[in-house]
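Taking it in order: structure first as structure tokens, then the write-up.
The values are calculated or read from the model by the stated rules, or taken from the named source; none is laboratory data. Because the structure is predicted, anything quoted here is derived from the model rather than measured. Cβ coordinates were reconstructed from backbone atoms using ideal geometry, including for glycine residues, and neighbour counts include every protein chain displayed.
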Amino acid sequence: MPRYEGMTGLIMLGLAMMLIGGLVAGLCTLGGVANFARWGDSSLLAIAITGYVILFSGMAIVGGVSAYGLYKHRNRFRGEPRTIEDAYVVACTAVDKQTGETIYYWRDYPEPMVYYVRLREPSGRENEYETERAVFETVAEGARGTAVCQGQWLSQFSANRSAATPHVARGGEIEPSERASG
């Protein structure tokens with residue numbers, strides 16, 4: 001999953017530059033015009049130009065980051081399909097597309113819904129993938145299996161069908177009946 005902390009920081013920087021640059025440009029322009037008309041001194045107008053440069057730089061940063069974010073969002077499902085062996089399902093979340101609320105009893109809930117699955121790769125890296133309902137129904141939290149992903153889209157998940165593990169007693173020990181058999 002792409003990290004958006006840097007993009008948020010750049011947006012905040014651009015907004016701050018727009019605010020400060022706009023204030024400096026506006027005040028120095030007004031003051032500079034009055035100063036030039038009265039005494040013929042244009043020093044405040046030179047400072048106003050700096051304010052305009054800061055203002056337009058902030059606008060360029062906000063516009064550039066917004067365009068990049070839209071580009072990344074539109075292309076989030078593109079890329080080469082890749083298979084993740086032994087992926088661990090950290091979380092499964094169904095979200096109402098219209099209200100944005102998490103739906104816990106999603107089987108009886110009317111569409112439109114968006115389904116998300118958070119997977120942990122064997123390397124420890126976690127990503128959240130969007131998926132369709134048919135795939136979401138095959139995924140269970142805590143399961144391990146093979147996932148096929150394309151960009152941020154989970155197109156297939158098949159759980160590992162390994163041998164059952166012995167039950168563990170409350171104290172963390174294997175129960176005596178299973179110790180003898182296994």
For this session: Filter region 114-141 for residues that are of a type in the set (A, V, I, L, M) and over 17 Å from Q152 (Cα atoms) and give the result.
Result: A140
Problem set entry | Residue list for region 5-57, filter: in a loop (DSSP other than H, G, I, E, B) and either in contact with a Leu (Cβ under 9 Å, 6 or more places away or on another chain) or assigned by TED's automatic domain parsing to the domain that holds E130 (or both) | none
For this session: Give the residue that is modelled with the lowest pLDDT, with candidates limited to residues of region 58-112 that are among the hydroxyl-bearing types (S, T, Y), assigned to a loop (DSSP other than H, G, I, E, B) and surrounded by fewer than 11 Cβ atoms within 10 Å (Cβ to Cβ).
Result: Y105
